[in-house]
1. Where a ≥ b ≥ c are the square roots of the eigenvalues of the C-alpha gyration tensor, would you call region 1-95 rounded, which needs a/c under 1.5, or, failing that, prolate if a/b is larger than b/c, or oblate?
2. Residues of region 157-236: accessible area per residue at 1.4 Å, in Å²?
3. Would you mind classifying region 104-236 by shape? Square roots of the alpha carbon gyration tensor eigenvalues, ordered a ≥ b ≥ c; an a/c under 1.5 is rounded, otherwise it is prolate if a/b is larger than b/c and oblate if not.
4. Between Leu138 and Ser3, 0.36 nm times their residue separation minus their Cα-Cα distance comes to what?
5. Val219's amide H: which non-local residues (gap 5+, or another chain) put their own amide H closer than 5 Å, with H modeled 1.01 Å from N in plane and none for Pro or chain starts?
6. Considering only DSSP states other than H, G, I, E and B, which chymotrypsin sites (Phe, Trp or Tyr not before Pro) in region 54-121 qualify as loop sites with at most 11 other Cβ atoms within 10 Å?
7. Search the structure for amide H atoms under 5 Å from the amide H of Ala159, placed 1.01 Å from N in the peptide plane, and list their residues when 5 or more places away or on another chain.
8. Using the crude model of +1 on Lys and Arg Cβ and -1 on Asp and Glu Cβ, and no other charge, please compute the dipole size for region 6-233 relative to its Cα centre, in debye to 20.
Amino acid sequence: MTSSKIIAGNWKMNGTATFLKECLSYWQSLSLVHNLVICPPFTLLTEANKSIHSSKVSLGAQDCHQKLTGAFTGNISADHVKETGCSYVIIGHSERRQYHGENNDLIKAKAETAISSGLKPVICVGENLGEREQGVTLEILQTQIEACLPNSSRDFLVAYEPVWAIGTGKAASLKDIEEVHGFLRKLVGSGIPLLYGGSVTAENCKEIISLSDVDGVLVGGASLKKQDFGRMLCGQ
Ligand code: PEP
């Protein structure tokens, strides 16, 4: 029997309320093998929560601020996220690092705040193409892990997302994923779920998710394909 893993869907700045409702209804009609964490845009969270009726489906946000309240126009706090019904929040996604200048210190602060609000942060780490080509992947990951992980609790997840694999259609090889996840497992110890992200599709999900030390996947583009994502959730 296939063991139950975590499949998180990061919709980024995509999707509509109608499509999300349709997807949730479809996915929850299936015999889900894996646990879904759906992470749509902020504005869809409250409505999405009303459509969740399976114990195998949870809600996540894509970011939160490092402070709980204050004069931060346009930002959303971890308490706001929690209030929508979310259990998870993605922190430090490479697109936040790249387009919003987020660094390891900020990511750690956000993770600590998320935990204080009762959310489980999914903390993203990953090397860029230059670092992979220079052969310094493990050093980069060690630096990110040491700098980003919260001290206050072990109630978080880590997502290994090589930047060069995100949205490119070029997933890391099974060998590379196994090597990195083995390394991360030694760094973080047992009990912390380790997700892989980067061009996971209905074609490669099953193999990736069955690797040792891979507790799940973080999926971008393919999570917007209702039927393909449904197959992944059913372990097909
Ligand atoms: C992501 O956004 O976290 C991601 C992994 O995207 P994609 O699956 O499209 O590569």
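The values are calculated or read from the model by the stated rules, or taken from the named source; none is laboratory data. The structure displayed is predicted, hence computed values, not measured ones. Quick reminder, even Gly has a Cβ in these numbers, built from the backbone with ideal geometry, and neighbours come from all protein chains shown. For accessibility, only protein heavy atoms count, side chains too; no ligands or nucleic acids. Shrake-Rupley method; radii C 1.70, N 1.55, O 1.52, S 1.80 Å.
1. prolate
2. Numbers: 3130 Å² over 80 residues.
Per residue, region 157-236 has 39 Å² of solvent-accessible surface.
3. Values: a/c = 1.72, a/b = 1.27, b/c = 1.36.
Oblate, since a/c reaches 1.5 and b/c is not below a/b.
4. Taking 0.36 nm per residue and subtracting the Cα distance, the gain is 45.8 nm.
5. Sorted by chain and number, the residues that satisfy this are Ala8, Gly9, Asn10.
6. Phe72
7. Ile123, Cys124, Val125, Leu195
8. 600 debye
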